Amino acid sequence: YDMEQISNAIGLTDCVKYVLKYPENTISAIPFSDNFFDFVVTDQLLEHADSDPFGVCRELYRVTKKGGYNIHTTNWQWPSHYQPEYSDYWRFSNEGLFKMFSSVGFNVTNIGYAGNFLWSLIFSLWPYFSDFWNYNIPNDPKMNLYKLAMTVDIPYDHFIVREFGIHCNWIICEK
């Protein structure tokens, strides 16, 4: 997704947006003053932070205005996906996200996940068939594979989800 798609999806259409590019900038040293942002949004970034995740949360807290919100998505069950220009270091459960963000002072207002058991099973087998299938999950809500990936069909506290995981978590919190 690009910043415009994400902004539109969460209703932030009429605001100034800053996109920080890596490696010139990192999430552990955001080049803005304290209490600068009303909203901070990251999409599938936290797992790539090359420093202490709690330190990253402190940095996000630092640049967020009082009353401002943070929205973050990250991987839970997803294969490592590093590239030559960045690595893949972390996986966060919802409990881990809650602990990290609340420990630095954020008030967690919503936390959730996307995915389901069948998707998790398919994705765990994906590396064995990826050469055969040779395509990524389509980013099209009309496609059945996309619908499967985005369907939550088991409550989060169900033992299958706890044991086998889901593929994407999110957290929304307020300073």
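The values are calculated or read from the model by the stated rules, or taken from the named source; none is laboratory data. Worth saying up front: this structure is predicted, and the values here are computed from it rather than measured. Heavy atoms of the whole protein, side chains included, go into the accessibility calculation; ligands, DNA and RNA do not. Shrake-Rupley method; radii C 1.70, N 1.55, O 1.52, S 1.80 Å.
Things worth noting here:
- Per residue, in Å², the accessible surface of region 19-74 once ligands and nucleic acids are set aside, probe 1.4 Å: 50 Å²
- In this structure, the amide hydrogen of Val41, modeled 1.01 Å from its nitrogen in the peptide plane, lies closer than 5 angstrom to those of Ile71, counting only residues at least 5 positions away or on a different chain.
- Subtracting the Cα-Cα distance of Thr13 and Glu174 from their residue separation scaled by 0.36 nm leaves 56.0 nm.
- Gain upon complete extension [Asp34, Tyr89; 0.36 nm per residue less C-alpha separation]: 17.1 nm
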